[in-house]
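No lab work stands behind these numbers, since they all come straight from the coordinates. Given the structure is predicted, the values throughout are model-derived calculations rather than measurements. A quick note on method: Cβ atoms are made from the backbone with ideal geometry, for glycine too, and the neighbour counts reach across all protein chains shown.
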Amino acid sequence: MQFWRHECRDAVLDYMRATNKMINAITSTLLKGLGVELDESTMTQIEIPPVEGALIINVGDTLEILSNGRYKSVEHRVIASSTKARVSVLIFVNPGSSTVIGPLPGLPEKDGKTVYRKLMVGEYYAYYYEANHLCKKTLEYAKFTKEK
């Protein structure tokens, strides 16, 4: 960013700060539904008819693993409409590749079972890309089994 014009750099940094606040607020709200408080210091195909003024949040694999399967990640696509305008803002948030993820503490006990095992984010995504994008089937790799 040091080579960007100051105006551009400042605008991007402001956007990134606002985006981080929004992501933390969304994640915190989702996790509170699981009875988990977010520690911000440690801080990612069903046809759905459009709803005027709606905010749609698609949850990814990482949050499905962290929530022990309570929140389901989605495969999605957007079909453009020739009659209505729409605004889409894509924000992809993933922990670093060396971060260990697994069900958040206390969830397996509340759920009565452990659905996902602990694994490194980099390991999961390496499998995802090696497995030729198996899409939702990739989550099977992260599931807890006695053999693993």
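The table below gives the values:
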| item | result |
| --- | --- |
| Lys137-Arg17 FRET efficiency (beta carbon distance; Förster radius 35 Å; 0.05 resolution) | 0.45 |
| Residues of the stretch 94-133 with amide N under 20 Å of the 7 Å Cα→Cβ point at Val74 | 94 |
